[in-house]
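Have a look at the structure below before the remarks.
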Amino acid sequence: MAATAEQVLPWLGERSFASLREEFDRSGYLIFERVLAPDRVAEIRAALAPHLARDLFGRNDFEGTRTNRVYALLAKSPVFAELAIHPLAMAFVEAELGESCLLSALLAINLHPGETVQPWHFDDSGVKIPRPRPALGISTFWAIDDTTEQNGATEIIPGSHLWDGQYIEGAVKPAHFTNEASHEEGDRPDAVKLIMPSGSLAITKGTLWHRGGANRSDRPRLIITPQYCVGWVRQLENMALAVPAEVASKLPERARELIGYSIHPPFMGYVDGVHPRRLLGVR
């Protein structure tokens, strides 16, 4: 079921959805402060705690060698499904990508003190269609901790979703995934940090250049990022394998659709000639 205008009104303040979409089209990002209540943030922290306790760090410069990443969150607790299908996020995702969109990734990112900046990148770069082009993905960022100037708030370049295929200093290279590239800071005067209090939501276009910031504080910085793609693009994470069928069958209907138990018209995504939800025994 698609998100409705009435569902998102509590978070729009005096703005209309149409005016916010115009701003989104112009700047490539939006921030909504304190969308989640403190008790919901506490519930999310509790669900993440056993996975963060493993204290596994990233394998390369892109993941972050001082960063914990917890993948496949839909398989770990139903509380994360509520973030993935939150009506405020979904209103903008569906308006941009259509109702047949998919969840491409859902992970937690916990930057420890001493983490350096990520290489600049944009999240729908896996789609090898030349820029400039419409966004084929949307990324959302839920601030579980306050994100600040010092603790590694995500950095974005406003308006960069409209750029062509130009190279920028500090952009991601294949060697960043094999630790063979030297680290380039690529600091830019036009960059903006997504500074948000805990419980806030940032939404960015998949073509927007951004990077995780450097954590120069003395505490970790935790966010959760659901990322979405159009229904005909391959997901970053293989959701059908990441979320076992017995777990998927207990998720809300919209979450199941986003995993891939859905059809992109007219029939992309079928299984043995029938709708994939029939494999779960649900209607």
Fraction of accessible area attributable to carbon and sulfur, the chain (%, probe 1.4 Å): 55 percent
Average projected area [Cα convex hull, the range 134-201], square nanometres: 6.0 nm²
Order by protection proxy (mean Cβ within 10 Å, highest first), peptides 9-17, 111-119, 274-282: 111-119, 274-282, 9-17
Quarter of Cα convex hull surface for the chain, i.e. mean projection, nm²: 15.0 nm²
Alpha-carbon centroids, the range 1-39 and the range 79-93: separation in whole Å: 12 Å
Span-like helix ranges in the chain, DSSP H, alpha carbon extent 18 angstrom or more, Kyte mean at least 0.0: 38-52
Spin-label model distance (nm) - L162 vs I31, 7 Å beyond Cα toward Cβ: 2.1 nm
Alpha carbon Rg of the range 19-69, scaled by the compact-globule rule 2.2 N^0.38 Å: 1.69
Lysine pair count for the chain [Cα-Cα under 17 Å; pairs on different chains or 8 or more apart]: 4
Chain lengthening between A175 and A53 when straightened (0.36 nm per residue, less Cα-Cα): 41.0 nm
Residue with peak Gaussian network fluctuation, the chain [Cα springs, cutoff 10 Å], from N179, N151, N238: N179
Backbone HN-Hα couplings from phi across the range 129-144 [Karplus 6.51/-1.76/1.60, Hz, Gly and Pro as x]: 10, x, 8, x, 7, x, 5, 10, x, 9, 10, 10, 10, 9, 7, 7
Convex hull of Cα atoms in the range 120-236, direction-averaged projection (nm²): 7.8 nm²
Fluctuation leader among E96, E22, E185 - the chain, Gaussian network, Cα springs under 10 angstrom: E22
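The values are calculated or read from the model by the stated rules, or taken from the named source; none is laboratory data. Not measured: the values here are computed from a predicted model. Here the Cβ is made from the backbone with ideal geometry for all residues, glycine too, and neighbour counts use every protein chain on show. Keep in mind that these areas ignore ligands, DNA and RNA; they rest on the heavy atoms of the full protein, side chains included. Shrake-Rupley method; radii C 1.70, N 1.55, O 1.52, S 1.80 Å.
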